[in-house]
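Participant: Here it is, the structure, as C-alpha cells.
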Ligand code: IMP
Ligand code: MG
C-alpha cells in the first residue's frame, strides 16, 4: 500500500473516517495527511467514544502514526487546537507551513451570502477562505504564533517518507460529487475533492500514488441543496433505518438508494484501484458486526459482487458496524 489516496464516492459522509481509522490500526500507517478544511467532519470511534474530527487526521487512533495537515489545506486555528487537546496528539501532529488560515470573517461572509445560503453550505467559510487565498491575501499557518510548535515542511517529510518506503495515507474530504469541477455545480464545495486533487494538496506527484481507495456507503446521503437522484422522503429513510444527521452541522441528511451508474462513473474518474463499502449493516441488519465475508448473508454478498461487477473495482473492505474493527477485510 505505500501511498494510498482515500476518496469519497458520492456527496461526502461515506464513512472515510472509519475506514482510515481501521487502516491506521491494521496497517500501522506511518503518515496520515489531512486535506481540505474544517467543513468536513470525519467520524471515528475509539474505546466506545465518538470523535467527529474537523482538523485532526482520522489516523490519530494509532499512537505511532505521524499526523500532518497538507499544504493545500485551510486551517481553523481554534478548532485545530481544541482537537489536538481532545486527541492528545501534540507531539506527533504537524501543519504544513504553507497551509492557509480560515478565519471568523470567512464564516460571517459565508453565512451572509445569499448564493451560499441557497447552496446550503456548512457556514464554516471555506469558500470565502479559498477565495482569499486565490487573491493572495490569505494568512498562512507559518504566520500564526499559536501554531508555531506545529509548523513543518510536510511536503518534504512526506516525500522523504515515500523514499524510505513508509506507509502514507492521503485523507480526502467530502465526496467526488461535491467537487468544484466534477460535481453537481453550483451545489458543490469550494475545491476539487477528487483523488488527483487530494494528492496535489498534499504535494505528492501522481506517479507516487500506489492505490486509490474509493469509499462507497451502502446507500447515498447528501446535506445541503442540489440534485440527489432517487431521493426518498425522510419518513421512508427512517423506516429503512437509513436516516442520518450530519456529524458536522447537525443538519438532516437527505438519502437515496445506492446508485450503480454513479458508482461506476466515480470509480473511473478517480482511477480507483480498490473500493470500500461502509454501513452494510444498515441495509442488511443481519450483517451487523460480521468480520468475515463468508459470514455475510447471501443477499449482502450479492450486493458487494454487483458493485464489483459494475465498477470493475475490487471491494476490499466492508464496514459492518461503527467500531473501527467492524470490518470485513478481503485484502489477504
Ligand atoms: P461548503 O463546503 O461549506 O462550502 O458547502 C458546500 C456544499 O458541500 C454543501 O452542500 C455542504 O452541505 C456540502 N459539504 C461540505 N462539507 C461536507 C461534508 O463534510 N460532508 C457532507 N457535505 C459537505
Ligand atoms: Mg462527514
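No value in this document is a laboratory result; all are computed from the given coordinates. None of these values were measured; they are calculated from a predicted model. Ideal geometry is used to build each Cβ from the backbone, glycine not excepted, and the neighbour counts take in all protein chains shown.
Participant: Kirkwood Rh over alpha-carbon pairs of segment 1-44, then Stokes-Einstein at 4 °C and 1.567 mPa s: what D in µm² s⁻¹, rounded to an integer?
Facilitator: D = 113 µm²/s.
Participant: Given that compact globular proteins tend to follow 2.2 N^0.38 Å, what is the ratio of the alpha-carbon Rg of segment 23-63 to that value? Walk me through the numbers on the way to the answer.
Facilitator: Working: Rg = 10.4 Å, N = 41, 2.2 N^0.38 = 9.0 Å.
Taking N as the residue count of segment 23-63, the ratio is 1.15.
Participant: Could you check the spin-label model distance between residue 325 and residue 139? Points 7 Å from the Cα along Cα→Cβ, value in nm.
Facilitator: Taking the simple label geometry, residue 325 and residue 139 are separated by 4.3 nm.
Participant: Related question: In whole Å, largest first, what are the principal axis extents of the Cα atoms in segment 101-211?
Facilitator: 49, 36, 20
Participant: Using only the alpha-carbon atoms, what does the chain span along each of its principal axes? Please give whole angstrom values in decreasing order.
Facilitator: 57, 49, 37 Å, listed from the longest principal axis down.
Participant: For residue 146 and residue 332, what does the FRET efficiency come to when R0 = 45 Å and r is the distance between their Cβ atoms, rounded to the nearest 0.05? Working shown, then result.
Facilitator: Numbers: r = 44 Å, r/R0 = 0.97.
About 0.55, to the nearest 0.05.
Participant: Take the alpha carbon atoms of segment 196-320, find their radius of gyration, then divide it by 2.2 N^0.38 Å using N residues; give the quotient. Mind dumping the intermediate values first?
Facilitator: On the way: Rg = 15.8 Å, N = 125, 2.2 N^0.38 = 13.8 Å.
Dividing the Cα radius of gyration by 2.2 N^0.38 Å gives 1.14.
Participant: Right, something else. Among 232, 46, 177, rank each residue by its count of other Cβ atoms within 10 Å, from fewest to most, as a rough exposure measure. Don't jump to the answer; show the numbers that get you there.
Facilitator: Values: 232 18, 46 15, 177 25.
Going from sparsest to densest Cβ surroundings: 46, 232, 177.
Participant: Right, something else. Distance between the C-alpha centers of segment 318-332 and segment 143-215? Whole Å please.
Facilitator: Segment 318-332 and segment 143-215 have Cα centres separated by 24 Å.
Participant: Considering Cα pairs under 8 angstrom that are at least six residues apart, work out the relative contact order of segment 13-96 and quote it in whole percent.
Facilitator: Numbers: 149 pairs, mean separation 26.3, N = 84.
Relative contact order here is 31 percent.
Participant: Hey, what did the chain get for relative contact order, percent, Cα under 8 Å, at least 6 apart?
Facilitator: 22 percent
Participant: Follow-up. Beta carbons within 10 angstrom, averaged per residue: use that to sort the peptides 18-28, 80-90, 278-288, 153-163, highest first.
Facilitator: Final packing ranking: 18-28, 278-288, 153-163, 80-90.
Participant: Can you give the alpha-carbon Rg of segment 233-289 over 2.2 N^0.38 Å, where N counts its residues? Provide the component values of the computation, followed by the final result.
Facilitator: Values: Rg = 13.8 Å, N = 57, 2.2 N^0.38 = 10.2 Å.
For segment 233-289, the normalised Cα radius of gyration comes out at 1.35.
Participant: Further, regarding this structure: Where in segment 273-295 does the label zone of residue 305 land, with the point 7 angstrom along Cα→C-beta and an amide N cut-off under 16 Å?
Facilitator: Correct set: 293-295.
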